[in-house]
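A quick write-up on the structure given underneath.
The values are calculated or read from the model by the stated rules, or taken from the named source; none is laboratory data. No experiment lies behind these values; they were computed from the predicted model shown. Reconstructed Cβ throughout: ideal geometry from the backbone, glycine too, with neighbour counts over all protein chains shown. Note: accessible area is taken over every heavy atom of the protein model, side chains too, but ligands, DNA and RNA are not part of it. Shrake-Rupley method; radii C 1.70, N 1.55, O 1.52, S 1.80 Å.
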Amino acid sequence: MSESLVNLSIILLCAFSHAFFQLDAGGLLLLYHSSLGKHVPKKTRILASNFLLGVAFFLTLCLSASSFILLIFFSGELSISTLSLLVGILVAVSLIIFTIYYRTGRSTELWLPKAVTRFISQRAKETSSRVEAFSLGMMTSFAEIPFSLVLLVLASNSLLSLSLKSQLIAIFLYIFIAILPLLSIRVCVRQGKTIADIQRWRLKNKTFLRILGGIGFIVLALFIFAFKIYGELF
């Protein structure tokens, strides 16, 4: 497998793993739930669009900042020892997703402290402008950083090995895949699905999402070990 294809595959695997995080989806559903009862549908669609833009902007900002830091401090390429450390972190995060990412019980509550959950919920209820919806999207993505940072760093490391044109395409693909669940929620709402319907689906498939999300991290770790680390060590 060529080096460019390996790097592009890592970026796509990072994006797919990112897509299984549920905090952005929960934030969007909270926004829909609070907005549909207060505003006309058109206003709600505008707020949802700006929420999505906030998430996409934050991811673009993180990828750009990570790439800049890697370029300045690591000469644009992480060492084998650093990659090995990140692979270990991927495995650790996968175990966390398997065990404590979702709270136990008949709900889709996540690992966040109760105070943070209440804050995001309150912000969603008070959101009534495009700027507030945009900032809410950024906020929910920022709150997921403890899990997503390792993905963003690995994706940035692979981005720097691609040509400029390929970098732009890869960034677009990463962001599109990462926000695909949010786009799916928006399509479902536009087609007449209620927030309760979507929430019931999330609850019914919570175990499936947790397992698949954890497996995604393990697959990514194995892929990086096989194509980036193993050859250099052995």
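Results, tabulated for the structure shown:
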| read-out | value |
| --- | --- |
| Any chance Ala48 is in contact with a Phe, Trp or Tyr (Cβ under 9 Å, 6 or more places away or on another chain), more than 26 Å from Phe223 (Cα to Cα) and buried (at least 19 other Cβ atoms within 10 Å of the Cβ) | yes |
| Which listed residue, of Ile175, Ile218, Ile198, is crowded, with 16+ Cβ neighbours inside 10 Å, touching a Cys at 6+ places or on another chain (Cβ under 9 Å), β-branched (Val, Ile, Thr) and not in a loop (DSSP other than H, G, I, E, B) | Ile198 |
| Any hit, segment 156-176, residues being over 23 Å from Leu61 (Cβ atoms) and either in contact with a strand residue (DSSP E or B) (Cβ under 7 Å, 6 or more places away or on another chain) or among the aliphatic types (A, V, I, L, M) (or both) | no |
| Per-region count, segment 193-212, residues in contact (Cβ under 8 Å) with a residue 12 or more places away in the chain and among the basic types (Lys, Arg) | 3 |
| Filter pass, Lys43 being modelled with pLDDT of 85 or more, among the basic types (Lys, Arg), more than 22 Å from the chain's Cα centre (by Cα) and open to solvent by 60 Å² or more (accessible area, probe 1.4 Å) | yes |
| Residue match in segment 154-174 (condition: closer than 29 Å to Ala115 by Cα and not small (Gly, Ala, Ser)) | no |
| Residue within segment 141-161 that is β-branched (Val, Ile, Thr), at pLDDT below 95 and open to solvent by less than 30 Å² (accessible area, probe 1.4 Å) present | no |
| Residue within segment 70-88 that is open to solvent by 60 Å² or more (accessible area, probe 1.4 Å) and under 20 Å from the mean Cα position of the chain (by Cα) present | no |
| Residue tally, condition assigned to a helix (DSSP H, G or I) and within 30 Å of Ile198 (Cα to Cα), over segment 1-25 | 12 |
| Candidates Leu53, Leu63 - the one that is open to solvent by 30 Å² or more (accessible area, probe 1.4 Å) and under 25 Å from Arg186 (Cβ atoms) | Leu53 |
| Residue that is least open to solvent (accessible area, probe 1.4 Å) [pool: residues in segment 128-140 that are among the polar types (S, T, N, Q) and assigned to a helix (DSSP H, G or I)] | Thr140 |
| Pick from segment 89-127, criterion among the small types (Gly, Ala, Ser) and surrounded by 14 or more Cβ atoms within 10 Å (Cβ to Cβ), ranking: nearest to Asn205 (Cα to Cα) | Ser94 |
| Number of positions in segment 28-44 that are within 15 Å of Cys188 (Cβ to Cβ) and without any contact (Cβ under 8 Å) to a residue 60 or more places away in the chain | 2 |
| Scope segment 20-66; condition of a type in the set (Ser, Thr, Tyr) and either out of contact with any Lys or Arg (no Cβ under 8 Å at 6 or more places or on another chain) or within 30 Å of Ser158 (Cα to Cα) (or both); matching residues | Tyr32, Thr44, Ser49, Thr60, Ser64, Ser66 |
| Complete set of residues in segment 26-40 that are surrounded by fewer than 19 Cβ atoms within 10 Å (Cβ to Cβ) and part of a helix (DSSP H, G or I) | His33, Leu36 |
